[in-house]
Amino acid sequence: MPISLARTIDNSTINNDETNTNFTLYPNPIKAGQLAYLIGKFDHILLFDLNGMPVETTILNDGIIKAPQETGMYILKIGVKDQTYTLKLIVI
């Protein structure tokens, strides 16, 4: 099993020249129940609360994410090959 390296970014954009990986999440912050868009190439994305528990939400393959109904901060885990990147999603 390959080891995943996680990179956490405080803002809404990841640029990694080493792996040619670029992500943008907008809008961020977002209102509860609205749609956010993840721009970039990825294999899968998952949403977690700050306790590390998965959050049930709608995530479409093309990077459209329906924000949870509860306000707060969430972690969006983005998988690309054997790498894992994280972005913070703020729901207001």
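The values are calculated or read from the model by the stated rules, or taken from the named source; none is laboratory data. What you are looking at is a predicted structure, and each value in this text was computed from that prediction instead of being measured. Only protein heavy atoms, including side chains, enter the accessible area calculation; ligands, DNA and RNA are left aside. Shrake-Rupley method; radii C 1.70, N 1.55, O 1.52, S 1.80 Å.
Data overview
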| read-out | value |
| --- | --- |
| Flag if residue 36 is under 11 Å from residue 25 (Cα atoms) and open to solvent by less than 30 Å² (accessible area, probe 1.4 Å) | yes |
| Where residue 77 falls short, out of the listed (1) charged (D, E, K, R); (2) part of a loop (DSSP other than H, G, I, E, B); (3) at pLDDT 90 or above | (2) |
